[in-house]
Amino acid sequence: MASISIPIPDELMEEIFLRLPTLSALALASATCTSFRRVIKGRAFRRRFSALHRPPLLGFMDAAGFQPAQAQHPSAPLTGALGRCAVDFSFVPAVVSSSSCYVSPDEGGPRWRPRDVRDGRVLLDWRSLQAPVLNYWSYPEEGYEVSILMDSREHVDFYDYDLRLAWTKREWCNAADFHLAVCDPLSRRYVLLPTIPEDLAAQPQDRLWEFEPVLAPNTSDDGEEEPFKVICIARYRTKLVLFVFRSTTMQWCVVESPVFPSFDDMSCFDCVRGCFYWTQPWCWSDHLMVLDIRTLWFSTINFLTGYHLQLTDTDPIFDNRRPNALVVGREGAIEMFSLVCQHGTFALHHTSLQNNSDEWELKKIIQLPGQYYDYSVSTVGAAQGFLFFQCAPDGIHIENVDCYSMDVKTYEITKVCTKMDDFLNLKRALPYFSFPPLLSEPTI
């Protein structure tokens, strides 16, 4: 008697595939037959899968390029999905610059480098390996002060009038000088953002001190991808201005904040539930700065309350390391991990601020790997339920930096990679999370 093959309903196949233990097993199932692949590639299954599983960590991005998760890390088999495009972003067209000082990309010259990563997208700016810096000791000319946007590798005698004149004619520093792009490394798609219009850039009528572009998080409640938004936090001598770009209109707008930042550096921040939180990079501060990306409104939260008062007595000096990182809290709470060094060993102090309380409470103290000595550990941020920190191992050159992740729910610590870097460099290491192309749609 001949056997009869009964087709398996798509709904039942979805339930089976959702229960596969790993992404590798799902990829093997997809390669088995066309009907399996059709279900797995279907929009309904991908939405259900992404709702149940967070995207895997594929590695870190910084100004030097992409460092994939290495052997022994669960995501190591998936890092091949990125390929060369994630290393140099060569698929994004170069910016034609009139700079008189050319340095090739291979020697650290201008090229696209990541500034922020979120929801599978990467925010790029066109800059040298050492980021452009704003010269704080601007000089007077024609009745006002002139700031210069210059590469930190270059040395100019600003007291030499002829050289100074050549530089001011070439580049006067304002928000219109920055070139930005947003890309999806997996699909190799990109959007070149128009530069901020000169009339908007001139509105603050003040000296620009700091320019920090960030990607706003996806705020849709149903998990659907939405058009992206870029927010540039421009810190001037006497004011704080937000330049906002929306991909739906492809235009910039400007919002002046009534809050002036008390921090000297706006580069250390974490994104939690649609808000950006800034902490003081290298020391304790008495408050946090908060930006709600829906309202574009700044506020502050008291930091030195409750258990945090004890922390300031145990570890008052940080010496080139970032002490704090915020993570997604349970049931609306704000949760923080603070790095503390005592007697040469490091620990993360997990504290929480409940909605109806003004006092930070201690949740747990997590000891870090014991082979790291004093002032060789720094947090580098948090994302997708993980805290990230880097360490300089004892007995190895300081440029060999170990990068770790810690699950904020289980406190499990996993080594991600070892990368060649200057531990004291203030570049942000950006964790890159994404599903493989099998389970992801282009975000651009």
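Given R0 = 51 Å, the distance between the Cβ atoms of Asp206 and Leu12 translates into a calculated FRET efficiency of 0.20. With a 1.4 Å probe rolled over the protein heavy atoms of all chains, the accessible area of Ile444, Ile366 falls in the order Ile444, Ile366, largest first.
In terms of the mean number of neighbouring beta-carbon atoms within 10 Å, the peptides 118-126, 287-295 order highest first as 118-126, 287-295.
In nm, what is the difference between 0.36 nm times the number of residues separating Asp177 and Lys41 and their Cα-Cα distance?
Values: separation 136, 0.36 × 136 = 48.96 nm, distance 4.20 nm.
Stretched out fully, the Asp177 to Lys41 stretch lengthens by 44.8 nm.
Put simply, when 269-276, 55-62 are sorted by average Cβ atoms within 10 angstrom per residue, most first, you get 55-62, 269-276. Of Trp297, Trp360, the residue with the largest accessible area leads and the full order is Trp297, Trp360 (1.4 Å probe).
The values are calculated or read from the model by the stated rules, or taken from the named source; none is laboratory data. In this text, all values refer to a predicted model and were calculated from it rather than measured experimentally. All Cβ positions, even for glycine, are placed from backbone atoms using ideal geometry, and neighbour counts span all protein chains on display. The accessibility values were calculated without ligands, DNA or RNA, using every heavy atom of the protein model including side chains. Shrake-Rupley method; radii C 1.70, N 1.55, O 1.52, S 1.80 Å.
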